[in-house]
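First comes the structure, then the notes that go with it.
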Amino acid sequence: MLTRRRFVQGTAATAALTHFGGVWAVSPSTTILPGNISPKAFAEALDAMRAIVGKAYVFVSEPDLVGYADHFRMTPVATHAASGAVAPRSVEEVQRLLKVASDFGIPVWTISTGRNLGYGGAAPAMPGTLMLDLKRMNRILEVNEKHAYAVVEPGVSYKDLYAHLQRIGSKLWIDCAAPGWGGVVGNMVDRGVGYTPMGEHFLQQQCGMQVVLSDGTVIDTGMGGQAGDKAMYAYRYGHGPWLDGLFTQSNFGVVTRLSVQLMPEPPGYRPYMVTFPDEAAIEPLTEAIRPLKLAQIIPNAATSTELLWEAAVEVRKDQYYSGTGPTPDSARRKMMDDLHVGAWNFYGALYGPEEVMDATWPIIQDALGSIKGAKFYFADDRKGGAAFDYRAKLMRGVPNMTEFGVVTWIPNAGHVGFGPVVPVDGALALDQYRKVRQLTHEAGFDYFGEFIVGWRDMHHIFMPAFQRDNEEEGKRLLKLVDALIDDAAADRYGVYRTHLDFMDKVANSYSWNEGALARFNGKLKAALDPVGILAPGKSGIWPEKKA
Amino acid sequence: MRPPATRRLALLAALAGLSLSACSKEGRETSNGASVPREMSGKQLYDHWCADCHNPGPGHPGTLRLAGDMGEENSVLLQKQMDPEVVKYAVRNGFQMMPPFRPTEITDEELARLTDYLVKKQ
């Protein structure tokens, strides 16, 4: 294990590092294999896969598999332990690998960049699943400046795409998730969000997918069904049923390419922040946001961030409170004073010609300024502030890692996401906030939350931090999120995506008409993946007969 | 463990300044904007994978956390004497909040170059 002393020492000490100390609890002799697969058959399958991708890209040993564990796990590592990983370089290799997996009945779990750490990272739902790691498929196949799109493979991160556009002198903006190491394809098919005017990724950006089905068939969706179609990356629907949604948050196919529509750089950009001292301000703030978003007066993802999320990217908890449990009000007040932030902190931006920005700003100022205690800030007012700086980057699609700071709040932290979707309604927002915060405090954690209004809905993103090396704390957090899902469902709120540990539970919460939706998903699964090899358990969808 | 022959090849390639990998994290461009693989130096690897968390100053979560755990004087990787084994261990196994990086993200050859840069600062 890497100790503090060893890190600080900074010299080549003679004592070897204990490579697996406390990190990887499954030894090679106890490798968890897929359900009905014998060690001999598994070895044969891996040999066949090595013949496809090369020996260097089939991983079965502990050092290489550590990266396929859930780094922020709340359960024992074996709960989501992969049996191995294979990393293809091309669509043809994906097809051939799926043929081998089908022949041997080996379940595979697809990842692109594997950086969605609050939801399970690069780990599979079912132990023993073989990872299909698409990170090596990392080509940016096309950038079309005229029609404002790019075509990318799954291994391309936001940072990759941004850097590429910068290098070629493009005037196109991307829209990225808050941690810039996330994948363009992975986030899109998980229906993630960003912060520019194109922040609803799947709604606003996706235009045409290439998907490999479990039998190896490759399909291009939308206009791509017609070979060489000139509007393939301009019009997403094609003719007939629109299929793309089936391949989001699902296990019906492996997405190997997609087109991402980009935003032309506007002639002007003014990020702004408004702080509110009262915790109850989320109610009038949300009421003010709704008409502004519906009318697109606020064009980008309107984000209301609670105090601790705002503070955690600049300070640590121990700088304000050394006790256990939730941060007390006295410490919260001092943070607000020191950092000049509010109990709620709203971020938005103006885009366009100066005349357009000048015309819309008074409308926003009037609406938000009517809320008690509102204070307005522009970039010049927040120079040197990490929180404003990274928000200003996100709202113009510049990837960065500052928001990962929410796990610097306490030592050796991890976090987990809970994301109920709420109508844009002030009373509902306040009710959600108070209930989640109360349950969180009762469980001994700090509330870390924000409300993001993409257009007509509001994502309540709650990401509590816990200590990774405290097993009891992990169990307590697991119990908390479990209770929050129940509580939300009782209030008729659904969760929009979830961690591996809760996929079955959340799927079961969509239970109307005796689980008709789940039964339909099951029919699709049986039809599209009859052998049942693709990502068993993804979003609570399992094959009829587990591979 | 990967086959010894592969490791020997990897070592030879690293010594010869070559790469067995064809990753395109930093791409060369063609006329239509498509990226084509290009090898990254140790500094480029640091800038791509590490800088956003570990550079000095506000907004870098790795630096903020290390300041709390290890002291301000040990919080900036580029300003601290680094043990190569510590770098390699942390990248492959993770270190506290920092997750591990898979060989498909940072190859063994790239990790050697990155480590060399962090140790020598050049």
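Observations on the structure shown:
- In the range A:502-525, the residues that are at pLDDT 95 or above reach residues that are of a type in the set (K, R) with C-beta atoms within less than 8 angstrom, at least six apart or across chains, in these pairs: A:M503/A:K538.
- In the condition set (1) under 30 Å from A:I363 (Cβ atoms); (2) buried (at least 22 other Cβ atoms within 10 Å of the Cβ); (3) hydroxyl-bearing (S, T, Y), A:Y269 is compliant with all but (2).
- Pick from the range A:28-45, criterion in contact with a helix residue (DSSP H, G or I) (Cβ under 9 Å, 6 or more places away or on another chain), assigned to a helix (DSSP H, G or I) and not aromatic (F, W, Y), ranking: farthest from the other protein chains (Cβ to nearest Cβ): A:A41
- Of A:A359, A:A349, all but one fail to be of a type in the set (A, V, I, L, M), modelled with pLDDT of 95 or more and either closer than 30 Å to A:H71 by Cα or not in a helix (DSSP H, G or I) (or both); the exception is A:A349.
- The set of residues in the range B:68-96 that are surrounded by fewer than 19 Cβ atoms within 10 Å (Cβ to Cβ), among the aliphatic types (A, V, I, L, M) and at the interface with chain A (Cβ under 8 Å from one of its Cβ atoms) contains only B:M70.
- Among the residues examined, A:I410 qualifies as β-branched (V, I, T), under 29 Å from B:A67 (Cβ atoms) and not in a strand (DSSP E or B).
Matching residues to (1) in contact with a His (Cβ under 9 Å, 6 or more places away or on another chain); (2) closer than 24 Å to A:V143 by Cβ; (3) surrounded by fewer than 18 Cβ atoms within 10 Å (Cβ to Cβ):
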position	(1), (2), (3)
A:V218	no, yes, yes
A:D229	no, yes, yes
A:M232	no, yes, no
A:H239	no, no, yes
A:T248	no, yes, no
A:G253	no, no, no
A:S259	no, yes, no
A:M273	no, no, no
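- In the range B:45-67, the count of residues that are under 15 Å from the mean Cα position of the chain (by Cα), more than 11 Å from chain A (Cβ to nearest Cβ) and either at pLDDT 60 or above or more than 20 Å from B:L118 (Cα to Cα) (or both) is one or more.
- First in the range A:295-315 and away from every other protein chain (no Cβ under 14 Å) and under 23 Å from A:Q204 (Cα atoms), second anywhere and of a type in the set (A, V, I, L, M) and assigned to a loop (DSSP other than H, G, I, E, B), Cβ under 7 Å, 6 or more apart: A:N300/A:M395
- The range A:275-304, subset in contact with a helix residue (DSSP H, G or I) (Cβ under 7 Å, 6 or more places away or on another chain) and of a type in the set (G, A, S), residue surrounded by the fewest Cβ atoms within 10 Å (Cβ to Cβ): A:A280
- If you go through the range A:368-393 and pick out every residue that is within 12 Å of chain B (Cβ to nearest Cβ) and under 20 Å from A:G194 (Cβ atoms), you end up with 8.
- The helices (runs of 4 or more DSSP H) falling completely within the range A:460-547 that include 2 or more residues that are at positive phi map to A:512-528.
- Residue count for the range A:374-392, restricted to those that are over 19 Å from B:H60 (Cβ atoms) and in a helix (DSSP H, G or I): 3
- Selection of first residues in the range A:376-397 that are over 16 Å from A:V274 (Cβ atoms) and of second residues that are among the basic types (K, R), restricted to Cβ pairs under 9 Å at least 6 apart or on distinct chains, gives the following pairs, ordered by first then second residue: A:D389/A:R382; A:D389/A:K383.
Results for (1) touching a Phe, Trp or Tyr at 6+ places or on another chain (Cβ under 6 Å); (2) away from chain B (no Cβ under 13 Å); (3) surrounded by fewer than 23 Cβ atoms within 10 Å (Cβ to Cβ), shown as yes or no for each residue.
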site: A:L97; (1), (2), (3): no, yes, no
site: A:I106; (1), (2), (3): no, yes, no
site: A:T113; (1), (2), (3): no, no, no
site: A:G121; (1), (2), (3): no, no, no
site: A:T129; (1), (2), (3): yes, yes, no
site: A:Y149; (1), (2), (3): yes, no, yes
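- Residue that is modelled with the lowest pLDDT [pool: residues in the range A:1-47 that are under 16 Å from A:P107 (Cβ atoms) and among the aliphatic types (A, V, I, L, M)]: A:I32
- For the range A:412-429, a tally of residues being under 18 Å from A:T324 (Cβ atoms) and in contact with an Asp or Glu (Cβ under 6 Å, 6 or more places away or on another chain) returns 1.
- Restricting A:P326, A:P266, A:P291, A:P299 to those that are at pLDDT 95 or above and part of a helix (DSSP H, G or I) reduces the list to A:P291.
- Any hit, the range B:15-36, residues being more than 8 Å from chain A (Cβ to nearest Cβ), surrounded by fewer than 23 Cβ atoms within 10 Å (Cβ to Cβ), under 30 Å from A:Y119 (Cβ atoms) and modelled with pLDDT under 95: yes
Conditions (1) more than 10 Å from chain B (Cβ to nearest Cβ); (2) among the aliphatic types (A, V, I, L, M); (3) part of a helix (DSSP H, G or I), marked per residue:
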position: A:A125; (1), (2), (3): yes, yes, no
position: A:K135; (1), (2), (3): no, no, no
position: A:L141; (1), (2), (3): no, yes, no
position: A:P154; (1), (2), (3): yes, no, no
position: A:K159; (1), (2), (3): no, no, yes
position: A:Q166; (1), (2), (3): yes, no, yes
position: A:D175; (1), (2), (3): yes, no, no
position: A:M198; (1), (2), (3): yes, yes, no
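- Qualifying residue in the range A:396-417 (condition: under 24 Å from the mean Cα position of the chain (by Cα), within 14 Å of chain B (Cβ to nearest Cβ), under 27 Å from A:P284 (Cβ atoms) and among the acidic types (D, E)): yes
- Scanning the range A:368-385 for residues that are surrounded by 15 or more Cβ atoms within 10 Å (Cβ to Cβ) and among the charged types (D, E, K, R) returns A:K375, A:R382.
- For the range A:425-456, residues that are closer than 16 Å to A:W344 by Cα, hydrophobic (A, V, I, L, M, F, W, C) and in a loop (DSSP other than H, G, I, E, B) total 1.
- Selection status of A:V421, closer than 20 Å to A:E287 by Cβ and not in a helix (DSSP H, G or I): yes
The values are calculated or read from the model by the stated rules, or taken from the named source; none is laboratory data. Note that the structure is a prediction, hence the values are computed from the model and not measured. Cβ coordinates were reconstructed from backbone atoms using ideal geometry, including for glycine residues, and neighbour counts include every protein chain displayed.
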